[in-house]
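Structure first, commentary second.
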Amino acid sequence: MRNWLEYIPFIVIAKLVRALPRHSALVLGRRLGLFARWLQPRRQQIARDNLARAYPEKSVTEREAILREMFGHLGTGFIEMLRLDLLREAADLERDFVIEGVEHLRLALAEGRGCIVLTGHVGFWEAGNFIFSKLGYPIGVVAKPMRNPLIDHYLLLMREKAGGYIISSRKAARRILAALRQNHLVGILLDQHAGRRQGVLVPFFGRPAWTTPIIAEIAMKYGVPVVPAFAWWLPGHRYRMEIQPAFKLEGEPTAEQIVANTALLTRHIEEAVRRDPSQWFWVHRRWRD
């Protein structure tokens, strides 16, 4: 019953925003995000705590400005995700996205080992699902299933209609390897809490954070190139997809080297977050235990 009580208002909003013009829908999304801030005091407090620990040098006023802007971005991104499959034509890509560094993907895939796209919950992270497939690069995105199976199924369909395919984070290694063997891209968001059983401790904003070592393990063992990529919000409901040069992770896949390379990958995420803190997902409990 609880799943349906959550799903019914969700589907009503989805139908509404898909019927609206894109600009109107995204303006509504931003307002919903700003309003939702006051409906989620627990999430708001988590974000405040995270910001205080990550940016102790910033004033309360500065951190509150970051917090407010983040909720606006989250609302806009949520609505854009519900409409992503409506962006079908090349003209949509040219209108809404500035894409930099496509040549890095081409060079990485030329090796025939596939490519891991390293990213995090920065900007509009769902954009890669649309952009890379429209550029002609098949992509599987590793995602954690949502608690509500009805909403999870709906979003799964939306993501796959947009062009990519979803690899469940539960027992993902086999499907990741299968995608790489097909010389596909595999998108992995590295900035979520992984837990003691599955994660390794590496620094993130100067504090130890449990982080999945799956990128380091696979990239080192199979020689798979890694390409960092981030989709930044721009004014006017546009995005800048920044695709950075590919690199290989060095060393033998020992426990120590896996931790060292996971820390290296995490630094890429932190550097991206520091460029515009308002575009990261501060409501997640990244640091635990």
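The values are calculated or read from the model by the stated rules, or taken from the named source; none is laboratory data. It should be emphasised that the depicted structure is a prediction, and the values quoted were computed from it without experimental measurement. FYI the Cβ positions are ideal-geometry reconstructions off the backbone, even for glycines, and counts take in every protein chain you see. SASA here: full protein model, heavy atoms, side chains in, ligands and nucleic acids out. Shrake-Rupley method; radii C 1.70, N 1.55, O 1.52, S 1.80 Å.
Just to be sure I understand the filter: pairs with C-beta atoms under 6 Å, separated by 6 or more residues or on different chains, first member in region 26-53 and within 10 Å of residue 71 (Cβ to Cβ), second member buried (at least 20 other Cβ atoms within 10 Å of the Cβ) and among the β-branched types (Val, Ile, Thr). Which pairs pass?
Qualifying pairs under 6 Å: 30/76; 43/283; 47/283.
Among the candidates 246, 260, single out the residue that is at pLDDT 95 or above and crowded, with 20+ Cβ neighbours inside 10 Å.
The match here is 246.
Among the residues of region 159-190, write down those that are among the charged types (D, E, K, R), surrounded by fewer than 16 Cβ atoms within 10 Å (Cβ to Cβ) and either within 19 Å of residue 113 (Cβ to Cβ) or touching a residue at least 60 places away in the same chain (Cβ under 8 Å) (or both).
161, 174, 181
When only residues in region 127-158 that are in a helix (DSSP H, G or I) and of a type in the set (Phe, Trp, Tyr) count, which is surrounded by the fewest Cβ atoms within 10 Å (Cβ to Cβ)?
154
Within region 225-235, identify whether any single residue is open to solvent by 70 Å² or more (accessible area, probe 1.4 Å) and either closer than 30 Å to residue 22 by Cβ or part of a helix (DSSP H, G or I) (or both), and answer yes or no.
yes
Which residues, taken from region 26-55, are surrounded by 15 or more Cβ atoms within 10 Å (Cβ to Cβ), assigned to a helix (DSSP H, G or I) and not aliphatic (A, V, I, L, M)?
Answer for region 26-55, where residues must be surrounded by 15 or more Cβ atoms within 10 Å (Cβ to Cβ), assigned to a helix (DSSP H, G or I) and not aliphatic (A, V, I, L, M): 29, 30, 33, 37, 43, 44, 48, 50.
Please name all residue pairs, on different chains or six or more residues apart, with Cβ atoms under 7 Å, provided the first residue is in region 69-92 and is outside any helix (DSSP H, G or I) and the second residue is open to solvent by less than 20 Å² (accessible area, probe 1.4 Å) and at pLDDT below 95.
87/96; 87/130
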